[in-house]
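Visitor: Quick one: this structure, given as structure tokens, is what I'll be asking you about.
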Amino acid sequence: MNKILIIIRREYFEAVKKKSFIIMTILGPLLMAILVLTPALLVKYAKDDTTITVLDESHLFSNLNSPNDKSIHYVYSNKSLSELKNDLLSKEIEALLYIPYNSVTPGGMLYTTSSLGRGVTSNVLASMKRNLSNEILLNEFNISQDSLNIYIENQTNKIMLGQTFINKNGEESHKESYHKDVQLAIGFISGILIYIFIFMYCSMVLRNVLEEKTNRIVEIITSSVKPIQLMIGKIVGVAFIGLTQLLIWIVSLVILLGVVQVSFPTVFSNDNTNIAVTENLPDDYYQYKPSNSQIAEIQDSNIMDNEFVAALANINFTQLILMFLFFFITGYFLYASLYAAIGGAVDNNADTQQFMLPITLPLLLAFIVSQYIAENPGGSIAFWFSIIPLTSPIAMLIRLPFGIEAVQSWEIILSCSLMLIGCMVAVWIAAKIYRTGILMYGKKITYKDLWKWIKYNQ
Amino acid sequence: MNIIEAHNISKNYGNFTALDNVSISVKKGHILGLLGPNGAGKTTLIRIMNHIIAPDKGEVFFSGEKLTQKHVYQIGYLPEERGLYKKMKVGEQAIYLARLKGIHRNEAIKRLRYWFDKFAITPWWNRKVEELSKGMQQKVQFIVTVIHEPAFYIFDEPFSGFDPINVNLLKNEILDLKKQGASIIFSTHNMASVEELCDDIVLINKAEKILEGNIKTIKNQFKENLFQVQFQSANPVDLTGLLTENFDIQSIENNEDEYTALIKIQANTQNDLLNALIPHVNIKSFQEIFPSMNDIFISQVNKINLKNN
């Protein structure tokens, strides 16, 4: 036992001290953060500020500037159209929006010398629509758009669409419509994480075993420890490396996201102007009742946010995290021991390929069918894939967020038990292959050889 | 008293027989040469005695007890194929390997300092193994083999990859170990070193033991009554005329008036040979020529192989 600890220590500290580990650990969350933040930052900051000079002869669009969208700035001018066109040509102004007087349909023309940023035209149109709708609301209904939004939001937030599932026994269960997407996302994310981590750290085990074999240091080590001790030591050592890396990533990701949220609050909140406006509710707020059609036209993103939170709250995270750790560790052990066996059996990296495929296949298959599993988490494909130890780490995690309707408790218990048995069988088989393999050189190993090694007494 | 005894060891790998009913034993304080061509089964036998693999049949006894994992710490094994972690620092690596042999960290450092000084590799303590020459790596490997001061050693081709100076250094270390009372199995192809170091030998060919015993006894057993005579004579000598048919002259060479002759005689007739020569020439030296271990090795292996074919 003590020897295994010495081996684990070496495995761990040698890897942790390596430059590649430090680089990967630092770059990991950075890459993840970049992946997460780039689209958000692109949307928020990629738009260059544009100043548009407005010549409004209709006097309907006196308030085009929006407090929410600062990317386009409107400047009103009293010059004549021809003067402004000359200004445009001489680059004194960036763009010109000409709105002529038209009693039938209001509209304008946007003059530019070069193409403006993406979506400027539609933004201008949106600003014009908003401006006009504000005018109409104020003039004909005597209410501002903001007050109306708040009123509508308060009224419509109470609306919920329920969904009832009836299973074979006629039992009903309730779930909110939006939940399935959240469950799907969480299931997929856990599945993908397990998949990536198993492959990442198992390849590390394979590399290290192969290194010891090609170095021939394994000959020296086996003169003082049993091959199985060495194998277990390596696998556990790499597991600790993985957990360390995972911990560093989680902690630094949390810190990083916190820093980003503090420095760039706009990246994460869609709209905080509503909060400011709530304080000055108009006097006639409660007397005013807009028509149903008007409610339907107004969309509010807050409904989605609330439902998202509700969907998250509905998922049993304690169970999910425990199960994630269980399948992460057992899945890792199962695959790592098989990888160690391959590393012990072959002579060089090129020879690993023929044995890698059958081992990689189940995990890959689980990954491929994960979509079907997610679509029908209670179905038979989902059931079998989450029971068989080689595929269950991914399949079970995809099913779990769907809750009790998709996965019965006995299925979870069966899956976990089989996983533990699978782990032990894998370690046992791997140990047999490993101890013979690490002392064999210069022979091209076939499946027949592996089978013979498994059958050897020692 | 034997430190290790292997009784009737057989080991098969599928259809391939690696060892067939082989027994060997090492006397306390002796060096046993384990000889045999490539693929004879030497390494398999060594691994069985090291408890790395188990025999299909037969038993190994260490100091009279059945061999178990605990005895492994009383064995110092230098494998033929040996390496070190390339990226790991030399000192740390030596400590690691010493600790795997059950030595406490501080004790390991103390002993390693002694050996590193002795082999003049202390300046390399904090360097990575990949910066070391092959000879220096071999020194480190030798050090970790002896670091736990066992009573029994197995050296599998210890000299391969060493330059002549380091071979001598290592040879002296092995003889030192023997002086301190250690017993050693020494497996090699290098027959010259066998004659220099070994007390006894075992010759294995194609999974079977074909010869064993004290090195002097074996040489006596295979001697061909061949004698070398060196003499001086002012006049040209015709040996064939001087000697009877019982003396078979194998060769004769001369450098001016100095002659060297190889003569095969009937058993115990060397005095007759001298008597026949003394009246005619001045004898400078007279000695029996024993076959070299190399000759015995080759003739024995060939004999067996021919018989099998």
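Visitor: With 10 angstrom as the radius, rank A:C202, A:C416, B:C198, A:C423 by how many other C-beta atoms surround their C-beta, starting from the fewest. If you can, show how the numbers build up before the last one.
Guide: Numbers: A:C202 28, A:C416 17, B:C198 23, A:C423 20.
The fewest-first ordering by Cβ neighbours comes to A:C416, A:C423, B:C198, A:C202.
Visitor: Something else about it: Please list A:391-401, B:180-190 highest first by mean number of surrounding beta-carbon atoms within 10 Å per residue. Don't skip to the answer; put the middle values down first.
Guide: Values: A:391-401: 28.8, B:180-190: 20.0.
Top to bottom by mean Cβ count within 10 Å: A:391-401, B:180-190.
Visitor: Taking each residue of B:44-54 in turn, how many C-beta atoms of other protein chains fall within 10 Å of its C-beta, and what is the average?
Guide: Values: counts 1, 0, 1, 4, 0, 0, 3, 4, 9, 8, 3.
Mean partner shielding for this stretch: 3.
Visitor: Okay, moving on. Within 11 Å, Cβ to Cβ, of B:E131, how many net charges do the neighbouring residues add up to if Lys/Arg are +1 and Asp/Glu are -1?
Guide: Details: positive: B:K86, B:K87, B:K89, B:R127, B:K128; negative: B:E130.
Residues close to B:E131 contribute a combined charge of +4.
Visitor: Here's a follow-up. Students often check this: by mean Cβ neighbours within 10 Å, which of B:157-168, B:233-244 ranks highest, and how do the rest follow? Each step should come with its number before you reach the end.
Guide: Working: B:157-168: 16.0, B:233-244: 12.2.
Order by mean packing, descending: B:157-168, B:233-244.
Visitor: Long-range amide H contacts for B:L211: which residues qualify at under 5 Å (H placed 1.01 Å from N, peptide plane, sequence gap of 5 or more or a different chain)?
Guide: B:L203
Visitor: Assuming 0.36 nm per residue, please report the length gained on full extension of the stretch B:I210 to B:S25 beyond their Cα-Cα distance.
Guide: Numbers: separation 185, 0.36 × 185 = 66.60 nm, distance 1.46 nm.
Result for the pair: 65.1 nm of gain on full extension.
Visitor: Could you tell me how far the Cα centroid of the stretch A:333-355 sits from the Cα centroid of the stretch B:85-159, in Å?
Guide: 29 Å
Visitor: Another one. By a straight-distance test (C-alpha under 16 Å), which lysines pair with B:K307 as possible cross-link partners, with residues fewer than eight away in the same chain excluded?
Guide: B:K206, B:K209
Visitor: Which net charge results for the neighbourhood of A:V238, defined as the other residues with beta-carbon distances under 15 angstrom from its beta-carbon, given Lys and Arg at +1 and Asp and Glu at -1? All intermediate terms of the calculation are to be shown ahead of the outcome.
Guide: On the way: positive: A:R9, A:R10, A:K17, A:K18, A:R207, A:K234; negative: A:E11, A:E14, A:E211, A:E212.
Summing Lys/Arg as +1 and Asp/Glu as -1 gives +2.
Visitor: So, one more: Mean residue ellipticity at 222 nm from the helices of chain B, using -39,500 (n - 2.57) per DSSP H segment of n ≥ 4 over the full residue count, to the nearest 500 deg cm²/dmol? Can you show the working numbers first?
Guide: Values: 10 runs with 104 residues, N = 309.
Counting only the DSSP helices, I get -10000 deg cm²/dmol.
Visitor: Restricting to the protein assembly as shown, compute how many DSSP beta bridges are antiparallel as a %, nearest 5.
Guide: Numbers: 52 of 79 bridges.
Close to 65 percent.
Visitor: Just add up the charged neighbours of B:G213: K/R +1, D/E -1, any other residue whose Cβ is under 12 Å from the Cβ of B:G213.
Guide: Working: positive: B:K27, B:K209, B:K216, B:K219; negative: B:D199, B:D200, B:E212.
Around B:G213, the surrounding residues sum to +1.
Visitor: Put a dot 7 Å past each Cα toward the Cβ at A:E405 and A:I228; how far apart are the dots in nm?
Guide: Taking the two extended label points, one gets 4.7 nm.
Visitor: Multiplying the sequence separation of A:I189 and A:L132 by 0.36 nm and subtracting their Cα-Cα distance, what value in nm do you get? If you can, show how the numbers build up before the last one.
Guide: Working: separation 57, 0.36 × 57 = 20.52 nm, distance 4.42 nm.
Working it through step by step, the gained length comes to 16.1 nm.
Visitor: Cross-link candidates for B:K57: which aspartates and glutamates have Cα within less than 18 Å, leaving aside residues fewer than 8 places away along the same chain?
Guide: Those aspartates and glutamates meeting the cut-off are B:E5, B:D20, B:E65, B:E208.
Visitor: Right, here's the next one. To the nearest whole number, what is the average tally of beta carbon atoms from other chains within 10 Å of the beta carbons of peptide B:83-93? Working shown, then result.
Guide: Working: counts 10, 4, 8, 4, 4, 4, 2, 0, 0, 3, 3.
Whole-number average of other-chain Cβ neighbours for B:83-93 is 4.
Visitor: Cα to Cα, under 21 Å, and not fewer than 8 places away if on the same chain: which lysines meet these conditions relative to B:K139?
Guide: Cα-Cα hits under 21 Å: A:K213, B:K86, B:K87, B:K89, B:K101, B:K110, B:K118, B:K128, B:K171, B:K178, B:K179.
Visitor: Report, as an integer, the average count of C-beta atoms from other chains found within 10 Å of each Cβ along B:135-146.
Guide: Numbers: counts 0, 0, 0, 0, 0, 0, 4, 0, 0, 3, 2, 0.
Across B:135-146, the average partner-chain Cβ count within 10 Å equals 1.
Read the figures in this text as sums done on the coordinates, not as results from a lab. Worth saying up front: this structure is predicted, and the values here are computed from it rather than measured. Every residue, glycine as well, gets a Cβ built from its backbone with ideal geometry; the counts of neighbours run over all protein chains shown.
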